[in-house]
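Read the structure below first, then the notes.
The values are calculated or read from the model by the stated rules, or taken from the named source; none is laboratory data. Because the structure is predicted, anything quoted here is derived from the model rather than measured. Glycine gets a Cβ as well: all are built from the backbone with ideal geometry, and neighbour counts include every protein chain shown.
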Amino acid sequence: VHERFTAQEILSYKKQHKNIVVLAHPECSPEVVAVSDFTGSTAGMSNYVKDNQPQKVIMVTECSMSDNVAIENPKVEFVRPCNLCPHMKRITLKKIYDAIRFNQHEVSVKPEIIDKARLSIDRMLEIGRK
């Protein structure tokens, strides 16, 4: 979903909404990140809003990600560009429940792949903590 946003679109939002703070997910393009005010994981964006309480904000990520942040920060106005991630919308509570209950969808990865992927996963988790 992050690749669906463009720098031009973000600049348009900034022009349309004076004093808006643009928070971008690091998976956005370098051009989008460059015109954003803050770049961080979803948790990082949430913490930014909580700590800074901007008047108006746009979270450049999957549109439902800002819902919880908005609930936790009722004084902040959220502008939602709403790019839906089709993969995230396939996940439902029932599907999660069934996967756990029936031990479905096990993922097997070869040891040599695990070793190579560990660094990337560890870095992703570290970014998520910020």
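Take the conditions of a type outside the set (K, R), at pLDDT 80 or above, exposed (fewer than 10 other Cβ atoms within 10 Å of the Cβ) and part of a helix (DSSP H, G or I) and apply them to E112. Does it pass? It would help to see each step written out before you state the result.
On the way: of a type outside the set (K, R): yes; at pLDDT 80 or above: yes; exposed (fewer than 10 other Cβ atoms within 10 Å of the Cβ): yes; part of a helix (DSSP H, G or I): yes.
It is true that E112 is of a type outside the set (K, R), at pLDDT 80 or above, exposed (fewer than 10 other Cβ atoms within 10 Å of the Cβ) and part of a helix (DSSP H, G or I).
Please go through the range 83-93 and give me each residue that is surrounded by 10 or more Cβ atoms within 10 Å (Cβ to Cβ) and either at pLDDT 85 or above or in a loop (DSSP other than H, G, I, E, B) (or both), ordered by number.
The first filter runs over the range 83-93 and keeps only residues surrounded by 10 or more Cβ atoms within 10 Å (Cβ to Cβ), leaving 83-85, 88-89, 91.
Once the filter is applied, which keeps residues that are surrounded by 10 or more Cβ atoms within 10 Å (Cβ to Cβ) and either at pLDDT 85 or above or in a loop (DSSP other than H, G, I, E, B) (or both), the range 83-93 yields L84, C85, I91.
Which ones in the range 1-32 are within 13 Å of the chain's Cα centre (by Cα) and either of a type in the set (V, I, T) or under 22 Å from E72 (Cα atoms) (or both)?
V1, V22, L23, A24, H25
Rundown of residues vs (1) surrounded by fewer than 17 Cβ atoms within 10 Å (Cβ to Cβ); (2) on the phi > 0 side of the Ramachandran plot; (3) part of a helix (DSSP H, G or I), yes/no style:
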| position | (1), (2), (3) |
| --- | --- |
| I10 | no, no, yes |
| K15 | yes, no, yes |
| N19 | yes, yes, no |
| C28 | no, no, no |
| V33 | no, no, yes |
| S36 | no, no, no |
| G44 | no, no, yes |
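A quick yes/no check of all residues on (1) in a helix (DSSP H, G or I); (2) loosely packed, with under 14 Cβ neighbours inside 10 Å:
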{"site": "V22", "(1), (2)": "no, no"}
{"site": "K50", "(1), (2)": "yes, yes"}
{"site": "I58", "(1), (2)": "no, no"}
{"site": "K75", "(1), (2)": "no, yes"}
{"site": "K95", "(1), (2)": "yes, yes"}
{"site": "H105", "(1), (2)": "no, yes"}
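Quick check on the range 60-72: of everything there that is in a loop (DSSP other than H, G, I, E, B) and either surrounded by 22 or more Cβ atoms within 10 Å (Cβ to Cβ) or hydrophobic (A, V, I, L, M, F, W, C) (or both), which residue is nearest to the chain's Cα centre (by Cα)? Before the answer, list the steps.
In the first step, residues of the range 60-72 are kept if they are in a loop (DSSP other than H, G, I, E, B); the result is 61, 63-64.
Retained after the next criterion (residues that are either surrounded by 22 or more Cβ atoms within 10 Å (Cβ to Cβ) or hydrophobic (A, V, I, L, M, F, W, C) (or both)): 61, 63.
Details: T61: 4, C63: 8 Å.
If we take residues in the range 60-72 being in a loop (DSSP other than H, G, I, E, B) and either surrounded by 22 or more Cβ atoms within 10 Å (Cβ to Cβ) or hydrophobic (A, V, I, L, M, F, W, C) (or both), then T61 is nearest to the chain's Cα centre (by Cα).
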